[in-house]
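The values are calculated or read from the model by the stated rules, or taken from the named source; none is laboratory data. Everything numeric here is computed off the predicted structure, so don't read it as measured data. Don't worry about glycine lacking a Cβ; one is built from the backbone with ideal geometry, like all the others, and counts go over all protein chains shown.
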Amino acid sequence: MYHVSDVLKHHYCPKLFWHLQHNASRPRQKFIQMNTSLSEVLVRKIDVQNPLIGQRAMPAEVCVNALRTGQPVINGRYEHDRLRIKVPLIIPTPEGLDILFTSMANSAKIEDQHYLAMHLWVLRGLGFDILRVRSMTFDGSVIRTEDFNPDDSFVVRYTFTKANGKPGGNITEVLLKYPLELKETLDAMDELMTLPERQMSIRECPLLNRCEYFEACFKTQYELGDRSIFYLTQSSAKRQLIDEGLRTLDQIPLDRLDGSAVQYAQIMADRQGGVFADKFILRHWLSLLQSPVIFMDFEWDTYGIPPYVGMKPLDVLCFQYSLHVLRGEELAHFEFLESGDCRLRFIESLLSNIPSEGSILCYNAFGAEALRLNELGRQFPQYQEALEGVVARMVDLAQLFTDGVVYLSSMRGAYSLKSVIQAIDPSLNYDQLSISHGLEAVSHYRNLANLDDEADVRDALLKYCKMDTLAMVEVLAWLKSLVKEDSHA
Ligand code: SF4
């Protein structure tokens, strides 16, 4: 028996589906914090009389029989032709099933139509007619007030929304018309499961080097190391080049490149022994930095239901920061970590520790820290001007790498701070920390108040955030050394 998510994985990459079926999957950390069950909210929002509550091990016939006798079913499990689904709420009516899905987003996204249509395929396969399909999502326009009812965070939607925010059609009509060839897909999945492994050509691989099974799937290509053509970024011709038998970056004819600065940096780094820097731009960028140079990083959690006044559904709450302040040769460190509604203390602590002058370096500044400060400014207008002043001094360190000003071949086409620092200084390794990535930090933070070893976890969280700003200090020193070496030559 397959779950609809298995079909989606197979649709995306059959080999990935095969790997996931044959290897124990790691528990996934939840990106959004939710203290309430969505189906409980759904039942409060839709008046449901005498429902059957589905359970994990309940035979599928129980839920089907309940629907056939006119009883609504919450979290029911249903099976048809090797496919098992779970539906948050179904209300049977004489005209057909009234189906309610839930979504952890601010709209019913049209991208989910394939996933939802598979649910209808199972229910229709069981002989049910469909009257209507709706989806309960967050209501992004709601702002929490003092007398807030958490259920007001949600709204029941009848229409899909496209990625550009425009209406994507009536949910019921779109799903009933959605074409599905599920029988053939399930047969292909069955066949795949009987094989020791399905061989894929590089051309078929949808993720190339961004998949954790890349080494397992394409060992010979992986063994080419930093020079592999796989790591060429933003290339429209990469698959074609690979198909033609090209294996390393130096084999690519220059007229087959797209001409982006990032690709140029990769090719030049490969030719120059592993490092490329446009020293003219880099020197200019460094010359614009004001002293003291401040390195800043935040950690935050995302809440489905807004937990505090002034917040909206899916807003984030910053619970931690790390600041390194470099004044000449002297490096000072400041940090903050609190739980609960620490927004005001976060702002006040940050403003008191950031020097009134100097450039503020963040990695991916305008996709992360600047957004957080602008949100806090809206929630606490008394600090808006001061926070906007911080944003105005921010400089994005990531941009040097993502714009192709600097590149190390050992970054292997990855542009995160972790990839950059491990290419520059492998001794600064996040894996040595007991908390080594952002979602892990969030998961520990969520349990902080309930842990016996709270002091140890606090310490691990502080070390993790401090590592990010320390890594930026190292990156800046390395960038300076690139232009210094040049002026000595
Ligand atoms: S490396 Fe490519 S082919 Fe292999 S599992 Fe990942 S996405 Fe699929």
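What to note about this one:
- Condition met for ASP226 (in contact with a strand residue (DSSP E or B) (Cβ under 9 Å, 6 or more places away or on another chain), within 23 Å of ASP403 (Cα to Cα) and away from the ligand (no atom under 16 Å from the Cβ)): yes
- Residue that is modelled with the lowest pLDDT [pool: residues in the range 421-457 that are small (Gly, Ala, Ser) and in contact with a Ser or Thr (Cβ under 8 Å, 6 or more places away or on another chain)]: ALA449
- Hits in the range 359-384 (condition: over 20 Å from LYS466 (Cβ atoms), crowded, with 18+ Cβ neighbours inside 10 Å and among the aromatic types (Phe, Trp, Tyr)): TYR383
- Filtering the range 266-300 to residues that are in a helix (DSSP H, G or I) and of a type in the set (A, V, I, L, M, F, W, C) leaves ILE267, MET268, ALA269, PHE280, ILE281, LEU282, TRP285, LEU286.
- Residue match in the range 343-363 (condition: under 27 Å from the mean Cα position of the chain (by Cα), small (Gly, Ala, Ser) and part of a loop (DSSP other than H, G, I, E, B)): no
- Qualifying positions in the range 140-172 - under 21 Å from ALA117 (Cα atoms), among the hydroxyl-bearing types (Ser, Thr, Tyr) and touching a residue at least 40 places away in the same chain (Cβ under 8 Å): THR159, THR161, THR172
- Residues located in the range 189-215, provided they are within 7 Å of the ligand (Cβ to nearest atom) and aliphatic (A, V, I, L, M): MET200, LEU207, LEU208
- So TYR78, is it out of contact with any Cys (no Cβ under 8 Å at 6 or more places or on another chain) and more than 16 Å from the ligand (Cβ to nearest atom): no
- If you go through the range 339-358 and keep only what is under 21 Å from ASP315 (Cβ atoms), without any contact (Cβ under 8 Å) to a residue 40 or more places away in the chain and crowded, with 16+ Cβ neighbours inside 10 Å, you end up with CYS342, ARG343, PHE346, SER349.
- Residue count for the range 247-261 under the criterion of being among the charged types (D, E, K, R), in a loop (DSSP other than H, G, I, E, B) and under 22 Å from VAL405 (Cα atoms): the result is 1.
- Taking strands (runs of 3 or more DSSP E) as the structural unit, those lying wholly within the range 59-124 and holding at least 1 residues that are among the basic types (Lys, Arg) and more than 21 Å from ASP139 (Cβ to Cβ) correspond to 73-80, 83-93.
- Checking the range 37-55 against the condition returns a match, with at least one residue being under 26 Å from the mean Cα position of the chain (by Cα) and part of a loop (DSSP other than H, G, I, E, B).
- Remark: pairs (first residue in the range 384-395, at pLDDT 95 or above; second residue surrounded by fewer than 18 Cβ atoms within 10 Å (Cβ to Cβ) and among the basic types (Lys, Arg); Cβ separation under 9 Å; 6+ apart in sequence or on different chains) = GLN384/ARG378.
- Close pairs (8 angstrom Cβ cut-off, 6 or more residues apart or separate chains): closer than 15 Å to LYS9 by Cα in the range 195-213, of a type in the set (A, V, I, L, M, F, W, C) and more than 6 Å from the ligand (Cβ to nearest atom) anywhere: ARG198/TRP18; ARG198/LEU192; CYS205/PHE218
- In the range 1-24, residue farthest from the chain's Cα centre (by Cα) [restricted to those that are surrounded by 17 or more Cβ atoms within 10 Å (Cβ to Cβ) and away from the ligand (no atom under 16 Å from the Cβ)]: TYR2
- Number of residues in the range 44-64 that are surrounded by 15 or more Cβ atoms within 10 Å (Cβ to Cβ), in contact with a helix residue (DSSP H, G or I) (Cβ under 7 Å, 6 or more places away or on another chain) and touching a residue at least 40 places away in the same chain (Cβ under 8 Å) equals 1.
- Subset of the range 378-392 (residues that are over 16 Å from ILE354 (Cα atoms), assigned to a helix (DSSP H, G or I) and either out of contact with any Gly (no Cβ under 9 Å at 6 or more places or on another chain) or of a type in the set (Phe, Trp, Tyr) (or both)): PRO381, GLN382
- LEU67, sole failed condition from (1) closer than 15 Å to VAL122 by Cβ; (2) hydrophobic (A, V, I, L, M, F, W, C); (3) exposed (fewer than 15 other Cβ atoms within 10 Å of the Cβ); (4) more than 22 Å from the chain's Cα centre (by Cα): (3)
- When residues of the range 183-210 are limited to those that are under 19 Å from SER409 (Cα atoms) and surrounded by 12 or more Cβ atoms within 10 Å (Cβ to Cβ), the one modelled with the highest pLDDT: LEU208
- Residue in the range 25-36 that is within 16 Å of the ligand (Cβ to nearest atom) and either aliphatic (A, V, I, L, M) or in the same structural domain as SER153 (by TED's automatic domain parsing) (or both) present: yes
- Residue among GLU299, GLU215 that is surrounded by fewer than 18 Cβ atoms within 10 Å (Cβ to Cβ), among the charged types (D, E, K, R) and either within 23 Å of VAL475 (Cβ to Cβ) or outside the structural domain of GLU440 (by TED's automatic domain parsing) (or both): GLU215
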